[in-house]
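Only the coordinates and a few stated rules stand behind these numbers; no lab work does. Computed from a prediction, not measured in an experiment: that's the story for all the values here. Ideal geometry is used to build each Cβ from the backbone, glycine not excepted, and the neighbour counts take in all protein chains shown.
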Amino acid sequence: MQKKCVISNKLTVAFITARGGSKGLPGKNISDLGGKPLLAYTVEVALASKSINRYLVSTDYEDIAEASRNAGSEVPFIRPESLGTDTAHSPEVVEHAIDFIEKTEGVTVNIAMMLQPTSPFRTGKHLMKP
């Protein structure tokens with residue numbers, strides 16, 4: 001979802017990483033917390049931030065994609081299975097998402113931010129400032 005950002009002429013994208021294969025707490029990213037899915041809190045903070053032009057969820061599960069869309073986030077792809085394993089690293093997940101956006105849309109991501117849904121109590125003050 002594209003919006004005006006206070007950092008002029010820079011495309012700042014927040015990538016919300018939410019894999020579905022948690023062994024410790026299966027389904028945690030869409031588990032109910034206070035009446036909404038855990039990941040909805042992260043989507044809401046990204047939406048409210050003036051430092052982010054665009055935010056999207058990178059996931060390997062359609063259930064997470066649906067919950068993300070319902071929370072107001074963009075989910076332009078389902079990430080490859082290889083990036084949804086216990087051994088996949090977050091930088092690889094973000095790199096895949098950046099490559100996808102840049103190649104399919106012909107844009108350049110100037111600033112990338114990774115937000116994990118497992119930090120539901122962050123607020124806008126925790127995100128970067130211009």
- Task: Under 12 Å from the Cβ of Phe77, count the other residues' Cβ atoms, weight Lys and Arg +1, Asp and Glu -1, and hand me the total.
- Result: -3
- Task: Could you tally up the Lys pairs in the chain with alpha carbons closer than 12 Å? Skip any pair fewer than 8 positions apart unless they're on separate chains.
- Result: 5
- Item | log₁₀ of I(q)/I(0) at q = 0.11, 0.12, 0.21 Å⁻¹ - the stretch 5-104, Debye sum with one point per alpha carbon | -0.32, -0.38, -1.11
- Query: Of the trypsin sites (Lys or Arg not before Pro) in the stretch 1-108, which ones lie in a loop per DSSP and count no more than 16 other C-beta atoms within 10 Å?
  - Reply: Lys3, Lys4, Lys10, Lys23, Lys50
- Query: Short version: ³J(HN,Hα) in whole Hz for each residue of the stretch 75-82, in order, from phi by Karplus 6.51 cos²θ - 1.76 cosθ + 1.60 (θ = phi - 60°), x for Gly and Pro, what are they?
  - Reply: 9, x, 7, 9, 6, x, 3, 4
- Using modelled backbone amide H atoms (1.01 Å from N, in-plane), which distant-in-sequence or interchain residues come within less than 5 Å of Met114's amide H? Phe15
